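Quick notes on the structure that follows.
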Amino acid sequence: MIDAKNIVKTFPLKRGKVKAVNNVSLRVRKGEIFGLLGVNGAGKSTLINILSGLTYPDSGVINLFGKDLYQHEEDCKKRFNVATPYYDLNRSITGRENLLVYAKLYGVKNPKEKIKALTDKFMLSSRLNIPTRHLSSGERTRLVMVKSLLNDPELLFLDECTVGLDPDMAEIARDHIIQFNKETKCTIIFTSHYMQEVERLCHRIAFMDQGKIVKIGTGKDLVQELNWQDVHLHFSKHIDRAKELLTAEHISFQQQQNYLVFQVQNRQNVLYPLLQKFVQKNIIFNDLQVNKPTLEDYFLRRSRKR
Amino acid sequence: MRWHRITAMLWNYYYNTINSADRLFDIFYWPLLDLFIWGFMTHFIQGISDVNILSMILGGIILWVFLWRSSQDVAVYVLENFWSRNVYHLFASPLTIKELAVSLFIMGAIRSVLSFFTVSLVSFALYQFNIFTFNFFHVGLFVSILLIFAWALGLLVTSFIFRYGTRVQVLGWSTIWIIQPFSCVFYPLSALPSWAAKIAIILPTTHVFEGLRASLSNQPLHYFSLFYSFVFSLLFFILCAWILSAAVHKAKRRGSLGKPE
């Protein structure tokens, strides 16, 4: 579906240049929901702009649907669509008028029925006759999402498309994305800063840093790279003795009220012997929580490495 | 080029027009205001002059409307999409730059025709000046040259907008007025000082308005001048179309279509 090779994009700065996308190669399969993660400025949006034909790369080859994007730009653009909350549709005209214009642009058959079905799903039908500038930011985001589904795209670029949606609407949007992907086998390139959302939706995730893809895998693959677990121990007394013991064992920790929080790499060899020592020294703890790392931990660790 | 995408853009402009007082004012208000001010002033001068000055001024205003509206509308409707940041979605769609340009030409021409008929009817009602008594071939020729030149100017301004963004939006309204003093819309070429006449003679618009005055005075038309104007406008149009294509290409290279301003 997407086969991009050696994509490079450099932007000039006042002094020097910045490589926004640095020799990125990427293959995304048909029907896959593919996540792009990375801090602001990592190159995610630039990569999406390049893959959707809005920005030309300095070098590299992009094949969409088995065709060269720049030689078959019109053909490719008929088959994909984009949604992002950062770019509105025409603000001077109503939502319905905007959707009718885009339905015509994409050559949608029965545009009125299509618009009705989609706006019902996104609970936007009652707001369609209002000028777009008077819609709330969440409503404008939903309008853009409806636009992105008008042509039944085979490939969909969703760039932080749940930003600005209330939790209920974001959940509806996520459900719809999953359902649409299952029903149509549409390939989706998805970026978000909500890690749980990325974990839930994406079959594979690429982590971008300074224009490069530094890791590709499933959510589990990425998290497995973190070989530590967070331990939270709750003490109602003996917390000072517990701190002395941890210091003696060279384990760095943080105190959060009556909790001591620290990380261990191995339960068998580190955590269990440590807990035994607490028992032997009669240091009583009331509660123990061991948290496995999440995608958010992976994100934080990667971004702090910078 | 696909007709359904051109009509989609025409619907876009239509919706823009009916939802925006600014765009409606452009069609009726400003041309009529021009007609009233110039018309009444000329009506007064007519009383103390032997020359058929009223027809010359009103004919100039009515033809000027074509040039003004078509040129400005091409740029302003592109600006509307920049202001809404809708350009991102348009350029991610299968719409080609040729289809965008053709839709702008058609919209500019439709709005010019609306302004033309409004101004023509009002000038007949107020000043008994009937543009339709003119030789239709001559009017057709004048209008064709002005339209092609107006579209070319509109494309040139649009190129600057794609290249520099809304920082240069003032060009959308002002460019056409730069050429007005040199186009001899309301006065003959001989009225200009020599340095201005040198500029004026190059402009195709000058020859059109000179032709209009000749036609009003029942003098023969200088067909060679009009032929020059037509060819000049056509070549200028081709050049501006190329410049626009290069500007869009450059915008994609710079990534400016995918970056909020």
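The values are calculated or read from the model by the stated rules, or taken from the named source; none is laboratory data. In this text the structure is predicted, and so the values were computed from the model without any measurement. Positions of Cβ are generated from backbone atoms using ideal geometry, with glycine treated the same way; all protein chains shown enter the neighbour counts.
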Among (1) of a type outside the set (Asp, Glu); (2) assigned to a helix (DSSP H, G or I); (3) more than 14 Å from every other protein chain (Cβ to nearest Cβ), there is one condition B:His249 misses while meeting the rest; what is its number?
(3)
In segment B:1-41, residues that are in a helix (DSSP H, G or I), at the interface with another protein chain (Cβ under 8 Å from one of its Cβ atoms) and small (Gly, Ala, Ser) total 1
Is it the case that some residue within segment A:32-48 is outside any strand (DSSP E or B) and free of Cβ contacts under 8 Å to residues at least 24 places away in the same chain?
yes
Quick one: which of B:Leu67, B:Leu126 is more than 25 Å from A:Lys147 (Cα to Cα) and either within 14 Å of chain A (Cβ to nearest Cβ) or surrounded by 18 or more Cβ atoms within 10 Å (Cβ to Cβ) (or both)?
B:Leu67
Output the qualifying pairs, or none if there are none: Cβ atoms under 8 angstrom, residues six or more apart or on different chains, first residue in segment A:265-280 and farther than 21 Å from A:Lys292 by Cα, second residue in a helix (DSSP H, G or I).
A:Lys277/A:Leu245; A:Phe278/A:Ala242; A:Phe278/A:Leu245
Hey, does segment A:168-176 have a residue that's in contact with a strand residue (DSSP E or B) (Cβ under 8 Å, 6 or more places away or on another chain) and within 23 Å of A:Lys77 (Cβ to Cβ)?
no
In segment A:1-22, what residues are in contact with a Gly (Cβ under 7 Å, 6 or more places away or on another chain) and more than 14 Å from chain B (Cβ to nearest Cβ)?
A:Ala4, A:Lys5, A:Asn6, A:Asn22
Could we say that A:Ser92 is of a type in the set (Ser, Thr, Tyr), more than 8 Å from every other protein chain (Cβ to nearest Cβ) and either out of contact with any strand residue (DSSP E or B) (no Cβ under 6 Å at 6 or more places or on another chain) or not in a helix (DSSP H, G or I) (or both) here?
no
Filtered residues of segment A:22-31 (kept if surrounded by fewer than 16 Cβ atoms within 10 Å (Cβ to Cβ) and in a strand (DSSP E or B)):
A:Asn23, A:Ser25, A:Arg27
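So that you can scan it fast, the table gives a plain yes or no per residue for (1) modelled with pLDDT of 95 or more; (2) surrounded by 18 or more Cβ atoms within 10 Å (Cβ to Cβ); (3) farther than 22 Å from A:Ser148 by Cβ:
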{"position": "A:Lys14", "(1), (2), (3)": "no, no, yes"}
{"position": "A:Ala20", "(1), (2), (3)": "no, yes, yes"}
{"position": "A:Leu36", "(1), (2), (3)": "no, yes, no"}
{"position": "A:Asn40", "(1), (2), (3)": "no, no, yes"}
{"position": "A:Thr46", "(1), (2), (3)": "no, yes, no"}
{"position": "A:Gly53", "(1), (2), (3)": "no, yes, no"}
{"position": "A:Lys67", "(1), (2), (3)": "no, no, no"}
{"position": "A:Asn81", "(1), (2), (3)": "yes, yes, no"}
Given segment B:167-242, what helices (runs of 4 or more DSSP H) lie entirely inside it while holding 2 or more residues that are farther than 18 Å from B:Leu63 by Cβ?
B:171-179, B:194-200
Of the conditions (1) out of contact with any Phe, Trp or Tyr (no Cβ under 6 Å at 6 or more places or on another chain); (2) modelled with pLDDT under 95, A:Tyr87 clears all except one; give me its number.
(1)
Is it the case that some residue within segment A:29-48 is among the hydrophobic types (A, V, I, L, M, F, W, C) and facing chain B (nearest Cβ under 10 Å)?
yes
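This table checks each residue for (1) more than 14 Å from chain A (Cβ to nearest Cβ); (2) at positive phi; (3) touching a strand residue (DSSP E or B) at 6+ places or on another chain (Cβ under 6 Å); (4) loosely packed, with under 14 Cβ neighbours inside 10 Å.
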position: B:Phe160; (1), (2), (3), (4): yes, no, no, no
position: B:Tyr164; (1), (2), (3), (4): yes, no, no, no
position: B:Ile179; (1), (2), (3), (4): yes, no, no, no
position: B:Leu192; (1), (2), (3), (4): yes, no, no, no
position: B:Ile202; (1), (2), (3), (4): yes, no, no, yes
position: B:Leu226; (1), (2), (3), (4): yes, no, no, no
position: B:Trp242; (1), (2), (3), (4): yes, no, no, yes
position: B:Arg254; (1), (2), (3), (4): no, no, no, no
Exactly one of A:Thr191, A:Thr218 is touching a residue at least 60 places away in the same chain (Cβ under 8 Å) and within 32 Å of the chain's Cα centre (by Cα), and that one is A:Thr191
Taking the stated definitions as given, is A:Ser25 within 13 Å of chain B (Cβ to nearest Cβ) and either hydroxyl-bearing (Ser, Thr, Tyr) or within 14 Å of A:Ala206 (Cα to Cα) (or both)?
no
Under 24 Å from the mean Cα position of the chain (by Cα) and either hydroxyl-bearing (Ser, Thr, Tyr) or more than 7 Å from every other protein chain (Cβ to nearest Cβ) (or both) - does that describe any residue in segment A:122-135?
yes
